[in-house]
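The values are calculated or read from the model by the stated rules, or taken from the named source; none is laboratory data. Computed from a prediction, not measured in an experiment: that's the story for all the values here. A quick note on method: Cβ atoms are made from the backbone with ideal geometry, for glycine too, and the neighbour counts reach across all protein chains shown. Calculation scope for accessible area: heavy atoms of the full protein, side chains included, ligands and nucleic acids excluded. Shrake-Rupley method; radii C 1.70, N 1.55, O 1.52, S 1.80 Å.
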Amino acid sequence: MATHARRHVLPGFKLSLGFTWTYVGLLVLIPLSSLFLKTFSLTWPQFWETVTAPRALAAYRLSFGASFAAALANVVFGLLVAWVLVRYRFPGRSFVESLVDLPFALPTAVAGLTLTTLFSSKGWYGQHLEALGFKVAYSSVGVAVALTFIGLPFVVRTVQPVLEDIDADVEEAAATLGATPTQTFTRVLFPAILPALLSGFTLAFARALGEYGSVVFISGNMPLRTEIVPLLIVTKLEQYDYAGATAIAVVMLVASFLLLLVVNVLQRWSHRRLEARPGA
Amino acid sequence: MRTHSWLFPLLLVAFVGCSKSGSEGSAPGAVTLLNVSYDPTRELYVDINAAFSKHWEATHQQKVTIKQSHGGSGKQARAVIDGLDADVVTLALAYDVDMLHDKASLIPEGWQKRLANNSAPYTSTIVFVVRKGNPKGIRDWDDLVRDGVTVITPNPKTSGGARWNYLAAWGHALRKPGGTEQSARAFVESLFRHVPVLDSGARGATTTFAERGLGDVLIAWENEAFLLTDEVGQERFEIVVPSTSIVAEPPVTVVDRNVDKRGTRAVAEAYLQFLYSEEGQRLVAKHHYRPRSQEVARKEGARFPKLTLFTIDEVFGGWRKAQSAHFDDGGVFDAIYVPQAR
């Protein structure tokens, strides 16, 4: 291989790296480490007691559980939405295309209020669902619904470009070689979009974990039942218990970071497997 | 130079960070005040500020502009502790103002003695709002814990207003014949078993009751109840005044450290005094808060029904005690929700 001077678009590696570290340091590292520092006013037993209180445990379960369910729902339905938007031309397509991004732009409190109005027992959806025996508003289901709403764009927007990259002839080729539609999907298409799906899932999941505005209206905020972790943190702050609030925040932070790390590793692994596939 | 090129962005950012403008000054001859208040006083202070500006300009030939900031009472207090340059605070409960002393020494210990009536120029009380015709026949506190009655009140952990609601219920149970700490606790416990949803703030609870149609009765501040029935729907809701309730005293104070720094003490103090003046008290009454002035109260008597009122000092020995016994982590309110198994 011929060696030649590598040219960079951005000036100077050292300059850009210096900038990167400064930027990330000021905006992410320092704020987050000050979060850890604030918990140091607690002794270890106090910290442990705060973060393992029954209410905190119930809140972790709800926050992680509902966020996971919401991200999973978005993976399934977000993939469908992305598929339809990429593969079909239909009237109103560009309208749907812009609708998808709306949850990004809408203030979450507005989303929460609107969803609560729809799903409460007097609302358009709620009155019928309640007749069928489903209680959505003021239950953990409601929490998951709100989190699904705010997470949808993440999956659609990460999967869409990948789907656009896969040419329809790949499917045709598979079909000519005798693959059934199911085989085409599981062997050809799915492996190609899996990394994108995983990162869409991660983004939606991470977004849902920190969500506050849309959830407090629809959850009903009942201790031990429908109380999310961000609300618990706000509750601590209302008592001027800064240390307690940051202790719980630190637990969330560590847990989320570990989870995101795992998903990132998974994503990298599936990416590598994809590239290693013969003929891919 | 080249080896240190990574330093450049660091220095740049540091420089930009330091040169943050600290000159939010006022034009000569004009003065601005910032009033940091809680949510439901927004309309009240729009009127008060206009009236006070006119009054100050007439008496001192100086233009005064008052900026308002509203939000949950506790959140507002934290903002001031963290450096929001409030000249005066007008919050929902004395405990939040106490924290300005405890957490940041912005005001002296005895701040509540500085103005008349515990530094609360207006009061309110806790009443019930029921649906038109009062279908469940709610007359007094004890009706709230009858079978089949659902009650809407916000979460005392996140809402200052909700803490007054809770204390009103406790005080009622404690003060009725034969009432003890145990019976009061039992009453409040059973009351919260009738609460299906805990909104994080008072306006949220009002929405849940009025717009979502949840619950048979809303426990609310009297001024909010008036607002709901007068302006949202007299044909949909009725106010029920219980036999006894608590005097809710939203206190006000000058934030000493800030007014001394900004040189606004004189006008800030005059602003708070204005709340006690005849004109201030009339505006207070107009916005459904109970005025302290006997004279104005007499004129408005019909609107503010008489009931037996008790203060937080009488029944709970002040806010600090009430807060630590009832609302801090591990307090009575938490115990209500601890799983029965524990």
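Annotations for the structure displayed:
- Amide proton proximity set for B:Thr32, modelled H, under 5 Å, gap of 5+: B:Thr65
- The residues of the protein assembly as shown present an accessible area of 49 Å² per residue when probed at 1.4 Å with all protein chains retained.
- Applying D = kT/(6 pi eta Rh) to chain A, where Rh is the Kirkwood radius over alpha-carbon pairs, T corresponds to 37 °C and eta to 0.692 mPa s, the Stokes-Einstein value obtained is 151 µm²/s.
- Proximal lysines to B:Lys306, defined as alpha-carbon separation beneath 19 angstrom and excluding residues fewer than eight positions away on the same chain: B:Lys176, B:Lys286
- Remark: mean inter-chain Cβ contacts per residue of B:193-200 equal 5, using a 10 Å Cβ-Cβ cutoff to other protein chain atoms.
- Peptides B:256-267, B:275-286 ordered by average Cβ neighbours within 10 Å, highest first: B:275-286, B:256-267
- For chain B, the longest principal axis of the C-alpha atoms and the axis of helix B:42-60 are separated by about 50°.
- The eigenvalues of the Cα gyration tensor, multiplied by 5 and square-rooted, give region A:192-256 an equivalent ellipsoid with semi-axes of 27, 15, 8 Å from largest to smallest.
- Packing-based order for B:67-76, B:321-330, using average beta carbon neighbours within 10 Å, highest first: B:67-76, B:321-330
- Most fluctuating residue given options B:Thr32, B:Thr59, B:Thr90, as computed from a GNM of chain B linking Cα atoms under 10 Å: B:Thr59
- Taking chain A as a Gaussian network of alpha-carbon nodes connected by springs under 10 Å, the highest mean-square fluctuation of the residues A:Leu261, A:Leu132, A:Leu15 belongs to A:Leu15.
- HN-Hα J in Hz across region A:146-159 - Karplus 6.51, -1.76, 1.60, θ = phi - 60°, x for Gly and Pro: 4, 5, 5, 4, 6, x, 3, x, 4, 5, 4, 6, 7, 7
- From most to least packed by mean Cβ count within 10 Å, the peptides B:123-129, A:54-60 give B:123-129, A:54-60.
- Share antiparallel - DSSP beta bridges, the protein assembly as shown, percent rounded to 5: 50
- Remark: mean inter-chain Cβ contacts per residue of B:92-102 equal 1, using a 10 Å Cβ-Cβ cutoff to other protein chain atoms.
- Remark on the protein assembly as shown: Rg and Dmax equal 29.1, 98 Å (Cα only).
- Rolling a 1.4 angstrom probe over chain B with all protein chains present gives an accessible area of which 54% lies on carbon and sulfur atoms.
- Per residue of A:231-241, other chain Cβ atoms within 10 Å of the residue Cβ number 6 on average.
- Helix B:160-175 vs. chain B, principal-axis angle (Cα, 0 to 90°, nearest 10): 40
- Each part gets one Cα centre, and for region A:115-130 versus region A:134-155 those centres are 13 Å apart.
- Annotation for region B:132-163 versus region B:30-47: alpha-carbon center distance of 30 Å.
- Cross-link partners of A:Lys122 among lysines (Cα-Cα below 26 Å; sequence separation of 8 or more within a chain): A:Lys135, B:Lys132, B:Lys136
- For B:Phe310, the residues whose modelled amide H falls within less than 5 Å of its own, excluding neighbours fewer than 5 places apart on the same chain, are B:Ser245, B:Ile246, B:Val247.
- Equivalent ellipsoid semi-axes, chain B, via Cα gyration tensor eigenvalues times 5, rooted, Å: 39, 27, 19
- Rounded to whole numbers, the Karplus 3J(HN,Hα) couplings from phi for region A:205-213 are 5, 5, 4, 5, 4, x, 5, 10, x Hz, using 6.51 cos²θ - 1.76 cosθ + 1.60 with θ = phi - 60°, and x at Gly and Pro.
- Under 21 Å from B:Lys157, Cα to Cα: lysines that are on another chain or at least 8 residues apart: A:Lys236, B:Lys75, B:Lys103, B:Lys321
- In Hz, Karplus ³J(HN,Hα) per residue of region A:16-23 (6.51, -1.76, 1.60; θ = phi - 60°; x = Gly, Pro): 5, 5, x, 4, 4, 5, 5, 5
- The interface between chain A and chain B buries about 3000 Å² of solvent-accessible area in total (1.4 Å probe, ligands and nucleic acids excluded).
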